[in-house]
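Trainee: Attaching a single structure in structure tokens format; questions to follow.
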Amino acid sequence: MTETRRYSHIEKSKVLSRREITRGLVVLKFENSFVARNTLPGQFVNVLPKIGFSVPLLRRPFSIYNTSGDTAEIIIQDHGRGTNILAGTRAGEYLDILGPLGNSWNIQSGNYETSILVIGGVGVASMPLLTKYFQKNGLDFATYYGARNNALFADEYLSNIEYSTDDGSKGFHGSVIENLRKDLLYEKYSKPKLFVCGPTGMMRAAIKLADDFDIPCEVSLETEMACGIGICQGCPIETSSSEAETTGRKFHLVCTHGPSFEQEAIVL
């Protein structure tokens, strides 16, 4: 976890385009110069599904998927009432967007030389901006991306990718963690650090993998939240005993202390 002191604000943002990049995954591009120019890799926005809709009442958090000029993008998995409404948004409609929120990935501190992005499923959402940062600054990185099958990859803004699929339809036949473990055993990377986002089970496996090889690991958590600014206390994550002793907190809030945390700071 790194403290990111940035301002956020609420803005009605016009949707410029909607595109489906793979089955069940929709990207919305919207006009919002504040978000586009102030978001750091790993931060998110809290979105009210379509202005004028009264149900659902609460906002939905989404990592910023990409930025360009005065525009930003979010990626949506259609799996519930709120996300179904959002995924159906059309160009010309407006979203009520609060952000950017949360802290960025902890990129600049730590004793590591190679960044390894570890992605499972829709965990891809926070990775394009991180990729862009590494490319812009000439830093060494690799990307390990796992999905159930070849049709489910959303890799348009990624690079240096090692694929894995559960059914063997692309890349390594098996889990993304198994694929990475294989390469760590062969010491393929110099002093790596893992940056991980995906299903909770995969992130737990990544933390164990990092512990096995004694390398740093940071995970970005995806959870339901209401306000996104720490008022409702609705997104707690238990802190580790060492973190609790250091900070005096038994719990952190994903929205304000996260969404990314170093492996030793939390109990996942």
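Trainee: Can you confirm whether the stretch 6-21 contains a residue that is surrounded by fewer than 20 Cβ atoms within 10 Å (Cβ to Cβ), under 20 Å from Thr256 (Cα atoms), aliphatic (A, V, I, L, M) and at pLDDT below 95?
Mentor: As a first pass, look at the stretch 6-21 and keep what is surrounded by fewer than 20 Cβ atoms within 10 Å (Cβ to Cβ): 6-7, 9-12, 14-21.
From the residues that got through so far, the ones that are under 20 Å from Thr256 (Cα atoms) too are 6-7, 9-11.
Keeping just the survivors that are aliphatic (A, V, I, L, M) gives 10.
Filter once more, keeping what is at pLDDT below 95: 10.
Checked the stretch 6-21: at least one residue is surrounded by fewer than 20 Cβ atoms within 10 Å (Cβ to Cβ), under 20 Å from Thr256 (Cα atoms), aliphatic (A, V, I, L, M) and at pLDDT below 95.
Matching residues to (1) assigned to a loop (DSSP other than H, G, I, E, B); (2) more than 23 Å from Val254 (Cβ to Cβ); (3) touching a Pro at 6+ places or on another chain (Cβ under 9 Å); (4) modelled with pLDDT of 90 or more:
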residue	(1), (2), (3), (4)
Glu73	no, no, yes, yes
Ile76	no, no, no, yes
Thr83	no, no, yes, no
Ala91	yes, yes, no, yes
Pro100	no, no, no, yes
Trp105	yes, no, yes, yes
Ser109	yes, no, no, no
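Trainee: Still on this structure, I have one more. Pick out, from the stretch 169-247, the strands (runs of 3 or more DSSP E) lying fully within it that include 3 or more residues that are at pLDDT 95 or above. Even if it seems obvious, please write down each step before you answer.
Mentor: Numbers: elements: 192-197, 217-220, 236-238.
The qualifying strands (runs of 3 or more DSSP E) are 192-197, 217-220.
Trainee: Out of all the residues in the stretch 83-142, which are within 24 Å of Cys235 (Cα to Cα) and of a type in the set (Gly, Ala, Ser)?
Mentor: Listed by number, the residues that qualify are Ala87, Gly99, Gly102, Ser104, Gly120, Gly121, Gly123, Ala125, Ser126.
Trainee: Sticking with this structure for a sec: Name the pairs: first residue in the stretch 76-103 and over 22 Å from Pro259 (Cα atoms) and open to solvent by 10 Å² or more (accessible area, probe 1.4 Å), second residue in a strand (DSSP E or B) and at pLDDT below 90, Cβ to Cβ under 9 Å, at least 6 apart or on different chains?
Mentor: As it stands, the answer is none, since no pair meets every condition given.
Trainee: Somewhere in the stretch 208-221, is a residue within 14 Å of Tyr112 (Cβ to Cβ), surrounded by fewer than 21 Cβ atoms within 10 Å (Cβ to Cβ), among the hydrophobic types (A, V, I, L, M, F, W, C) and in contact (Cβ under 8 Å) with a residue 40 or more places away in the chain?
Mentor: First pass over the stretch 208-221, keeping only residues within 14 Å of Tyr112 (Cβ to Cβ): 210, 213-218.
Now drop any that are not surrounded by fewer than 21 Cβ atoms within 10 Å (Cβ to Cβ), which leaves 213-216.
Okay, now just the ones that are also among the hydrophobic types (A, V, I, L, M, F, W, C), so 213, 215.
Restricting the remaining residues to those that are in contact (Cβ under 8 Å) with a residue 40 or more places away in the chain gives 215.
Checking the stretch 208-221: at least one residue is within 14 Å of Tyr112 (Cβ to Cβ), surrounded by fewer than 21 Cβ atoms within 10 Å (Cβ to Cβ), among the hydrophobic types (A, V, I, L, M, F, W, C) and in contact (Cβ under 8 Å) with a residue 40 or more places away in the chain.
The values are calculated or read from the model by the stated rules, or taken from the named source; none is laboratory data. Quick caveat: nothing in here was measured; it's all calculated off a predicted structure. Neighbour counts run over all protein chains shown; Cβ positions are idealised from the backbone, glycine included. To get the accessible areas, we keep the full protein, side chains included, count just its heavy atoms, and leave off ligands, DNA and RNA. Shrake-Rupley method; radii C 1.70, N 1.55, O 1.52, S 1.80 Å.
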